[in-house]
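**Student:** Have a look at this one.
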There are 2 protein chains.
Amino acid sequence: MSEHIHAHEKLTKNQTLVMDALANADGPLSAYTILDQLRGNGFRAPLQVYRALDKLLDSGLVHRLESLNAFVACRHDDCTDHEQTVFMICETCGKVSEIADKALTQHLQKMASASQFSLTKATIELRGRCKACKTV
Amino acid sequence: MSEHIHAHEKLTKNQTLVMDALANADGPLSAYTILDQLRGNGFRAPLQVYRALDKLLDSGLVHRLESLNAFVACRHDDCTDHEQTVFMICETCGKVSEIADKALTQHLQKMASASQFSLTKATIELRGRCKACKTV
DNA sequence: ATTGTAATGTTATGTTATTACATTGTTGTG
DNA sequence: CACAACAATGTAATAACATAACATTACAAT
């Protein structure tokens, strides 16, 4: 259960509960949805979720989708490059796929350099309709 | 005042007030900051701001920065391509610059196509330190 | 004038996130 | 063991962001 290839320290109880909730979801979850799912496990306040999320985000096990105010478990084996992941969010089914694209990353880095901007993090979220939903 | 080269219909009173607030700001503003700035002009409720913003976003005069929950006036002469703008957000001074990059747009479009994903809109927000803040 | 529509106003509420502070648990050291 | 130090958790309150539902006003077209 909740074994990941990511390099990370052992998770605490709350971090594990939040991680499992996200790993078992088939789409992004909001912090409050996670809270509701974990009430049976003793969660009572948003902070319990947000604190766990902070840690999981730091370690790259979880990504935050800025345009949805929601969170997804990272589906990559190795998230060392998680700062430069592209998310494709289907507006029909709500599912999210995650792509790491080296060329895109380099292109963004070049754009930033051209403006003498030191790039720390890139948020790239595409909206549209996924393959499965198009064929319906 | 508030003359733009953008093609758009005439703005209403509230839309003009919100547009001017954003155009005169030197960085992104939250909806509630705009509300506070416009209290002297009769604004009393968030909805007055959000309604105006909806229209301004539709017409491309204003962009929403998802990672900040804030809004900026478009600095481009022509925002027909505003769906694919890259924002560089300085985490030191808070200023935002806006770049339209055709090659990047094409690259994203290719990535989407490769996954058979119909791309509707791209959110691209870079975080880091701008030229001015680096030299300080 | 009257009617239809767009814009605006108002109140309440829903959703997302943080601050501040108290308590418990765990680890290492004398 | 005792106990200090720190990490993790618990709890309450509130801040920040956004929308729903409904009432009113403004204004153009006939």
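**Student:** If I go through the stretch B:85-136 residue by residue, how many of them are buried (at least 19 other Cβ atoms within 10 Å of the Cβ) and more than 7 Å from chain A (Cβ to nearest Cβ)?
**Tutor:** Total satisfying the criteria: 5.
**Student:** Moving on. Which of the numbered conditions does A:Ala132 fail, given that it passes all the others? Conditions: (1) in contact with a strand residue (DSSP E or B) (Cβ under 9 Å, 6 or more places away or on another chain); (2) of a type in the set (Gly, Ala, Ser); (3) closer than 21 Å to B:Ser67 by Cα.
**Tutor:** (3)
**Student:** Still on this structure, please answer the following. Any idea which of (1) in contact with a Ser or Thr (Cβ under 9 Å, 6 or more places away or on another chain); (2) more than 16 Å from DNA strand D (Cβ to nearest atom) is the one B:His107 doesn't satisfy?
**Tutor:** The failed condition is (1).
Table: residues versus (1) in contact (Cβ under 8 Å) with a residue 60 or more places away in the chain; (2) under 15 Å from B:Thr105 (Cα atoms).
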site	(1), (2)
A:Ala100	no, no
A:Thr105	no, yes
A:Leu108	no, yes
A:Ala114	no, no
A:Phe117	no, no
A:Glu125	yes, yes
A:Arg129	no, no
A:Lys134	no, no
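**Student:** For the stretch B:59-78, check the following and say yes or no: at least one residue is more than 19 Å from A:Ser67 (Cβ to Cβ), out of contact with any Lys or Arg (no Cβ under 7 Å at 6 or more places or on another chain) and within 9 Å of chain A (Cβ to nearest Cβ).
**Tutor:** no
**Student:** Restricting attention to the stretch A:86-136, which residues are β-branched (Val, Ile, Thr) and either assigned by TED's automatic domain parsing to the domain that holds A:Ser67 or not in a strand (DSSP E or B) (or both)?
**Tutor:** Within the stretch A:86-136, A:Thr92, A:Thr105, A:Thr135, A:Val136 qualify.
**Student:** Would you pick out the residues in the stretch B:27-67 that are open to solvent by 10 Å² or more (accessible area, probe 1.4 Å), touching a residue at least 24 places away in the same chain (Cβ under 8 Å) and within 11 Å of DNA strand C (Cβ to nearest atom)?
**Tutor:** B:Asn41, B:Gln48, B:Arg51, B:Lys55, B:Glu66, B:Ser67
The values are calculated or read from the model by the stated rules, or taken from the named source; none is laboratory data. No experiment lies behind these values; they were computed from the predicted model shown. Note: ideal-geometry Cβ built from the backbone for every residue, glycine included; neighbour counts use all protein chains shown. All accessible areas refer to the heavy atoms of the entire protein, side chains included, with ligands and DNA or RNA removed. Shrake-Rupley method; radii C 1.70, N 1.55, O 1.52, S 1.80 Å.
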